[in-house]
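Following: one structure in structure tokens, then a few remarks.
Throughout, read-outs are computed from the coordinates displayed, never taken from laboratory work. Since the model is a prediction, treat every value here as computed from it, not as a measurement. A quick note on method: Cβ atoms are made from the backbone with ideal geometry, for glycine too, and the neighbour counts reach across all protein chains shown.
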Amino acid sequence: MANYPNLRARYSKGILKLRNPLRLPDGTEVRVNVTPMSPKPKRGQPAKRRYAYPNRPLPLHHLDRLVGVISLGGDALADSEALYDS
């Protein structure tokens, strides 16, 4: 039976993919030791950023739904007197 001391593989989406096939019969049990070659993704493959509030551009017609949600204007002095003065 062949001995495979150093194999290269790539881990992606929960699957470890060997670069070259092994010449082993189906059902053969093997022992696997995993040592990452580099802790960071290679250049050209930027790490995926997770934003707390993702932004995306929207067409202007989406703003029509927001018109009137918040009332703007008014008199700040009159509003504060109405709230805090008895």
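Projecting label points 7 angstrom from Cα along Cα→Cβ for residue 66 and residue 10 puts them 4.1 nm apart. Listed values for the range 21-36 are Karplus-derived 3J(HN,Hα) couplings in whole Hz (6.51 cos²θ - 1.76 cosθ + 1.60, θ = phi - 60°), namely x, 9, 9, 10, x, 4, x, 6, 7, 10, 9, 10, 10, 10, 10, x, and x replaces Gly and Pro.
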